[in-house]
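The values are calculated or read from the model by the stated rules, or taken from the named source; none is laboratory data. Bear in mind the structure is a predicted one, so any value in this text is a computation, not a measurement. Using ideal geometry, Cβ is built from the backbone for each residue, glycine included, and neighbour counts are taken over all protein chains shown. In case anyone asks, the SASA skips ligands and DNA or RNA and just uses the protein heavy atoms, side chains included. Shrake-Rupley method; radii C 1.70, N 1.55, O 1.52, S 1.80 Å.
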Amino acid sequence: MKGSEKPALIIGSMVATFVLVLLLQAVIVAQTPEPARDVPESRQSMGMNLSPYRPDGEPIDEPIVGDLENLGIKWMRFEFRAKGTVPDTYIPVEDYAVAADNLAAHGIEILGLVDYTTLPWSKETWSTTDYREKFISRTVDLVGEFKDRVGAWEIWNEEDLGYGPGDPGGNTYVSPLHYAYLLGGDPTANDLTHPWAAMGVYEAIKSQDPEAIVSLGGLSNAWKGEDGRGAGHYLAELYQRLSDMGYEAGTWPFDVVAVHPYYGHNPDPSVYLFDGGDYILRANLWTVMNANGDGDKRFWITEIGWNTNDKQWACIFPSVSEASQASYLWRSWHIFLTEPTSESEVLVDKVFWFMYQDTGIWVDLDTCPLVEGQPLADVAADPRTRIMPPRVTPTPGADRAPESNMAIIDFWWGVVHGDYVPKPAYYIYRLFGQVDSYIYLPLIVRDEASP
C-alpha cells in the first residue's frame, strides 16, 4: 500500500465508524420512549426494602450499609417487627437503633413501616378499639425514640388486599372503615380509657414529631376494575369514610399515598403500567384523590420488583429472568419519574425497590403448591383477585400456632443473591443513579423480553 493511501484509508475508516455510531444512537433513541420531563436532579428518589437484620440475626452494619450507599440508595424502608410471644411482645429498640445509626452514617434516610408485625395480635382483633389503642401507643413510643433518625412513617401494609364486593379480604386486609378509624381517630373510643385510639395515629405521630411524614400503607395494586375490585375503589371508600368522620380537603389524615404497583399476566412495566393506554396511577388513583381535593398529594412507590425464582409457585408472581428483572427495573423507574401522574405533573417522589437480597418466605403448601408444566402466564392470576402468600412470618391461627403445612420457599426479588453476589439488576440500579442520559441505558438492559 502506498504511503499516501494509508492516511486516506484511516480517515475513511474513522468517518465510517462515526456514521455507524450516529446510526446506532438514532436506532436506540427511536426505541426509547421520550421522557415527559427530565429526571429530577436529586437522587432522593432512590429507595430500597431491606430487613434491619442480617441473616445471622445481627443488626445490619458494614459492609451491607456501605454497599447500600455504593448503590446510590437514599432511603430504606423496613418494618418495626416485634419479638417475643403474644401477648408479651416487645420491639427490640436497641437493635433498630444500631441499624438506624449505621444508615444515618451513610446518609441513608429511613421510612419506618408499622403494621401487623409491630403488634402481632390475631387478625380478628385488628378492627377493635383495644387493638388500635395498643397499636397507636406502640407507634408513639417508636416515633418518640427515633424521631431524630426516622423522618417518615408508613401505616400498615397492603390494607386493601382482597378488597371487593363480597370478598373477605386478604391476610393483611383492614376494611376502609376501620382503617379510617386507625388513621383519623375512633369515634366509638372513650377518651379516658382509649385516648390514643380516639386521637388516631396521624395526630398521635404529629404530636411526637410535627415534621414527620405520615404515609398510607402501601396499596397492593393500582387497579380500579369495573367489578368494584381494586385499590382505586378502596381508596375512594376510604375518603368517604374519613369524610363521614368530618375530614375534608386539606385535612385528610395522611401526607403521602403509598402504592405497590406489581404486575399481573404481563410483567413488562411499559405494558401493564398502562391499562388500556391510560397510566394506571393517573387513571385509577390520582383521579380518586383529585375528586376529593387531594390532587397535589405525592406518591411513594414503597414496593416494586420482579421475582427471579427458578421454580413457579401457584401463589407467587410469575418468575422472570435475571436479565428481564434488570430491564424492568430501568423501565419502571423511568415511567414513575417521568410520566405525569396528574394531568401535567409528575407526583411520584420516591421508588423503593423490593428488595435488596433474595430471601425465603413462609407459605401454606395447600394453597401455594409448586406448579409444573404450565406457561407462566397461566399461573399468574389477576392482581385484583389472586391469592397472596403470607409474609416471612405467617399470621398464627387461633391457637397461636402456624398452620401445620407451612414451608419456606425461595423468594428471589433481590438485586443480590442470598450470598450477596450481585444480579444484573444491581448494576442497573446503580447506573440509574449515575447516568445522566437515557441514550445508552436501553442498550445495556436489552434482553429477550425487549420489544
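Would you pick out the residues in the range 71-90 that are touching a helix residue (DSSP H, G or I) at 6+ places or on another chain (Cβ under 7 Å) and farther than 16 Å from Trp153 by Cα?
We begin by selecting, within the range 71-90, every residue touching a helix residue (DSSP H, G or I) at 6+ places or on another chain (Cβ under 7 Å); these are 71-72, 76, 80.
The answer is Leu71, Gly72.
Quick one: count up the residues across the range 267-276 that are more than 26 Å from Thr172 (Cα to Cα) and crowded, with 17+ Cβ neighbours inside 10 Å.
Applying the first criterion (more than 26 Å from Thr172 (Cα to Cα)) to the range 267-276 yields 268, 270-271, 274, 276.
From what is left, the residues that are crowded, with 17+ Cβ neighbours inside 10 Å are 268.
The number of residues fulfilling the criteria is 1.
Take Asp186 and decide whether it is over 22 Å from the mean Cα position of the chain (by Cα), on the phi < 0 side of the Ramachandran plot and free of Cβ contacts under 8 Å to residues at least 24 places away in the same chain.
No: the conditions fail for Asp186.
I'd like the residue in the range 108-131 that is of a type in the set (D, E, K, R) and open to solvent by 10 Å² or more (accessible area, probe 1.4 Å) and, out of all such residues, is farthest from Gly218 (Cα to Cα).
Top of the filtered list is Asp130.
Evaluate the following for Ser324: is it of a type in the set (Ser, Thr, Tyr), assigned to a helix (DSSP H, G or I) and closer than 20 Å to Trp413 by Cα?
yes
Here are Ser437, Ser344, Ser404: which of them is exposed (fewer than 15 other Cβ atoms within 10 Å of the Cβ) and modelled with pLDDT of 90 or more?
Going through Ser437, Ser344, Ser404 in turn, just one is exposed (fewer than 15 other Cβ atoms within 10 Å of the Cβ) and modelled with pLDDT of 90 or more: Ser344.
Against the condition open to solvent by 20 Å² or more (accessible area, probe 1.4 Å) and at pLDDT below 80, how does Leu376 come out, does it pass?
Here the answer is yes, as Leu376 does meet what is asked.
When both residues are 6+ apart or on different chains and their Cβ atoms are under 9 Å apart, which pairs have a first residue that lies in the range 236-251 and is more than 12 Å from Gly185 (Cβ to Cβ), and a second that is open to solvent by 60 Å² or more (accessible area, probe 1.4 Å)?
Every condition considered, the pairs that remain are Ala236/Lys224; Ala236/Ala291; Tyr239/Ala291.
Identify, from the list Val351, Val363, the residue that is at pLDDT 95 or above and open to solvent by less than 30 Å² (accessible area, probe 1.4 Å). Give the steps one after another, and end with the answer.
Values: Val363 fails: at pLDDT 95 or above.
None of the other options fit; the residue is Val351.
Quick one: how many residues across the range 234-283 are outside any helix (DSSP H, G or I) and of a type in the set (A, V, I, L, M, F, W, C)?
10
Could we say that Gly232 is within 19 Å of Val143 (Cβ to Cβ), crowded, with 22+ Cβ neighbours inside 10 Å and of a type outside the set (Lys, Arg) here?
Considered against the rule, which asks whether it is within 19 Å of Val143 (Cβ to Cβ), crowded, with 22+ Cβ neighbours inside 10 Å and of a type outside the set (Lys, Arg), Gly232 comes out as no.
Would you be able to say whether some residue in the range 209-221 is surrounded by fewer than 24 Cβ atoms within 10 Å (Cβ to Cβ), within 20 Å of Val174 (Cα to Cα) and over 20 Å from the mean Cα position of the chain (by Cα)?
No, every residue in the range 209-221 fails to be surrounded by fewer than 24 Cβ atoms within 10 Å (Cβ to Cβ), within 20 Å of Val174 (Cα to Cα) and over 20 Å from the mean Cα position of the chain (by Cα).
Out of (1) touching a helix residue (DSSP H, G or I) at 6+ places or on another chain (Cβ under 8 Å); (2) within 16 Å of Trp412 (Cβ to Cβ); (3) open to solvent by 20 Å² or more (accessible area, probe 1.4 Å), the odd one out for Trp313 is which?
Trp313 satisfies all of (1) touching a helix residue (DSSP H, G or I) at 6+ places or on another chain (Cβ under 8 Å); (2) within 16 Å of Trp412 (Cβ to Cβ); (3) open to solvent by 20 Å² or more (accessible area, probe 1.4 Å) except (1).
How about the range 46-150: which helices (runs of 4 or more DSSP H) wholly inside it have at least 3 residues that are under 30 Å from Gly169 (Cβ atoms), in contact with an Asp or Glu (Cβ under 8 Å, 6 or more places away or on another chain) and touching a residue at least 24 places away in the same chain (Cβ under 8 Å)?
Because the criterion is at least 3 residues that are under 30 Å from Gly169 (Cβ atoms), in contact with an Asp or Glu (Cβ under 8 Å, 6 or more places away or on another chain) and touching a residue at least 24 places away in the same chain (Cβ under 8 Å), the helices (runs of 4 or more DSSP H) in the range 46-150 that meet it are 129-146.
Hey, does the range 284-292 have a residue that's under 22 Å from the mean Cα position of the chain (by Cα), of a type in the set (Val, Ile, Thr) and under 25 Å from Cys315 (Cα atoms)?
The answer is no, given that none of the residues of the range 284-292 is under 22 Å from the mean Cα position of the chain (by Cα), of a type in the set (Val, Ile, Thr) and under 25 Å from Cys315 (Cα atoms).
Considering only residues that are in contact with a strand residue (DSSP E or B) (Cβ under 9 Å, 6 or more places away or on another chain) and acidic (Asp, Glu), which ones fall in the range 78-100?
Result: Glu79, Glu94, Asp95.
Go through (1) within 28 Å of Val143 (Cα to Cα); (2) open to solvent by less than 20 Å² (accessible area, probe 1.4 Å); (3) under 18 Å from the mean Cα position of the chain (by Cα) and name the single condition Trp252 misses.
For Trp252, the failing item is (3).
If I go through the range 203-233 residue by residue, how many of them are part of a helix (DSSP H, G or I) and touching a residue at least 24 places away in the same chain (Cβ under 8 Å)? Break it down into steps so the answer makes sense when it comes.
Taking the range 203-233 as the starting set, the residues that turn out to be part of a helix (DSSP H, G or I) are 203-208, 231-233.
With touching a residue at least 24 places away in the same chain (Cβ under 8 Å) added as a condition, the list becomes 203-205, 207-208, 231-233.
Qualifying residue count for the region: 8.
Considering only residues that are within 13 Å of Ser175 (Cα to Cα) and charged (D, E, K, R), which ones fall in the range 230-266?
Passing the criteria: Glu237, Arg241.
In the range 167-197, what count of residues is obtained for those that are small (Gly, Ala, Ser), surrounded by fewer than 22 Cβ atoms within 10 Å (Cβ to Cβ) and farther than 17 Å from Ala236 by Cα?
2
Please identify the pairs in which a residue from the range 422-440 that is farther than 20 Å from Gly47 by Cβ has its Cβ atom under 8 Å from the Cβ atom of a residue that is surrounded by fewer than 17 Cβ atoms within 10 Å (Cβ to Cβ) and at pLDDT below 80, counting only partners at least 6 apart or on another chain.
Listed pairs, sorted by first residue: Tyr438/Thr32; Tyr438/Pro35; Ile439/Gln25; Ile439/Ile28; Ile439/Val29; Ile439/Thr32; Tyr440/Ile28.
Quick check on my filter: what residues within the range 291-306 are among the polar types (S, T, N, Q) and surrounded by fewer than 22 Cβ atoms within 10 Å (Cβ to Cβ)?
Asn292 - this is the single residue of the range 291-306 that is among the polar types (S, T, N, Q) and surrounded by fewer than 22 Cβ atoms within 10 Å (Cβ to Cβ).
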